[in-house]
Amino acid sequence: MAAALFAQDPPPPAQFEVASIKPSPPGSRGTTFYDPTPDRFEFANTTIKGLIAYAYSVPAFQVVGATGWVAADGYDILAKPQGAVTDERVREMVQSILAERFNLKVHEEQKEMPVYALVVAKGGSKLQRSPRPDQPTARSGYGRFSGEHLAMENLVSLLAAEVERPVIDKTGIDGQFDVKVQWTPEESPDTGPSIFTAVQEQLGLKLEARHAPQDVVVIDHIDRPSEN
């Protein structure tokens with residue numbers, strides 16, 4: 001006689017042992033994220049839109065429906081992880097706290113949206129190949145970023161963060177490269193090249209505006225956080 005098969009309940013979602021959520025002090029500037037440890041998970045002055053983006057592993061511009069306080073107000077998050085501190089488990093813990101404290105409900109879908117395609121500019125690529133393969137490293141600041149041993153997937157991620165739009169690699173270029181790009185941000189009073197001009201002049205690449213389907217996280221419901 002065949003053994004009976006019984007449905008098993010899925011394991012409970014990963015959760016923080018304790019968590020504190022507070023509005024950031026007035027005048028706070030910039031967001032700081034501290035690498036999670038077994039004893040601490042911390043964001044300083046993050047928007048909830050940014051926290052949702054972290055929890056679901058998408059850029060903030062691919063979180064749909066984040067308006068008003070969700071995208072504007074800063075919060076300080078301090079929590080103690082429970083169990084193994086892997087990237088997947090920590091993001092699951094953040095999803096849990098968003099559901100518990102903010103009553104967040106989301107769904108994921110594909111949405112046709114503006115993107116940039118990264119292509120080789122007329123005149124050819126000016127990328128400098130790394131002298132030897134190694135782990136990619138990158139740094140970014142106001143009107144600049146640089147990196148060593150960057151593959152094209154790393155470069156498009158850096159560019160997407162700066163132009164706040166998905167960037168799709170259409171260069172057909174493989175390998176690792178040492179990269180340095182400097183430009184003048186739009187809000188700067190100084191005159192100088194835009195990031196689009198800088199990418200073309202300094203890398204021999206071009207950002208072309210297009211439309212393409214992208215994975216997005218859609219906010220169905222969210223409330224201001226409950227008290228700690």
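Across segment 60-76, what is the number of residues that are surrounded by fewer than 19 Cβ atoms within 10 Å (Cβ to Cβ) and either of a type in the set (A, V, I, L, M) or touching a His at 6+ places or on another chain (Cβ under 8 Å) (or both)?
4
Considering only segment 93-116, I want to know if a residue exists there that is within 25 Å of residue 35 (Cα to Cα) and among the charged types (D, E, K, R).
So far as segment 93-116 goes, yes, one or more of its residues are within 25 Å of residue 35 (Cα to Cα) and among the charged types (D, E, K, R).
Based on this model, can you work out whether residue 101 counts as under 30 Å from residue 222 (Cβ atoms) and in a helix (DSSP H, G or I)?
yes
Scan segment 25-49 for residues that are surrounded by 11 or more Cβ atoms within 10 Å (Cβ to Cβ) and without any contact (Cβ under 8 Å) to a residue 24 or more places away in the chain and jot them down.
32, 33, 34, 49
Quick check on segment 104-140: of everything there that is assigned to a strand (DSSP E or B) and among the basic types (Lys, Arg), which residue is modelled with the lowest pLDDT?
139
Using beta carbons and a limit of 9 Å, which pairs, at least six apart or on different chains, have the first residue in segment 183-201 and touching a residue at least 24 places away in the same chain (Cβ under 8 Å) and assigned by TED's automatic domain parsing to the domain that holds residue 127 and the second one assigned to a loop (DSSP other than H, G, I, E, B) and aliphatic (A, V, I, L, M)?
199/121; 200/121
Select from segment 18-44 the residues that are under 19 Å from residue 225 (Cβ atoms), of a type in the set (Phe, Trp, Tyr) and touching an Asp or Glu at 6+ places or on another chain (Cβ under 9 Å) and list them in ascending order.
33, 43
Just wondering, is there one or more residues in segment 111-123 that are assigned by TED's automatic domain parsing to the domain that holds residue 173, surrounded by fewer than 14 Cβ atoms within 10 Å (Cβ to Cβ) and over 20 Å from the mean Cα position of the chain (by Cα)?
yes
Hey, can you tell me all the residues within segment 26-63 that are assigned to a loop (DSSP other than H, G, I, E, B) and either among the β-branched types (Val, Ile, Thr) or under 12 Å from the mean Cα position of the chain (by Cα) (or both)?
Answer for segment 26-63, where residues must be assigned to a loop (DSSP other than H, G, I, E, B) and either among the β-branched types (Val, Ile, Thr) or under 12 Å from the mean Cα position of the chain (by Cα) (or both): 31, 47, 56, 57, 58, 59.
Return the only residue of 60, 79, 84 being more than 21 Å from residue 225 (Cα to Cα) and among the aliphatic types (A, V, I, L, M).
Only one candidate qualifies: 84.
Looking at 83, 147, which one is modelled with pLDDT under 95, over 17 Å from the mean Cα position of the chain (by Cα) and farther than 30 Å from residue 23 by Cβ?
Sole residue among the options that is modelled with pLDDT under 95, over 17 Å from the mean Cα position of the chain (by Cα) and farther than 30 Å from residue 23 by Cβ: 147.
How many residues does segment 77-96 contain that are assigned to a strand (DSSP E or B) and surrounded by 17 or more Cβ atoms within 10 Å (Cβ to Cβ)?
So the count comes out to 3.
The values are calculated or read from the model by the stated rules, or taken from the named source; none is laboratory data. No experiment lies behind these values; they were computed from the predicted model shown. A quick note on method: Cβ atoms are made from the backbone with ideal geometry, for glycine too, and the neighbour counts reach across all protein chains shown.
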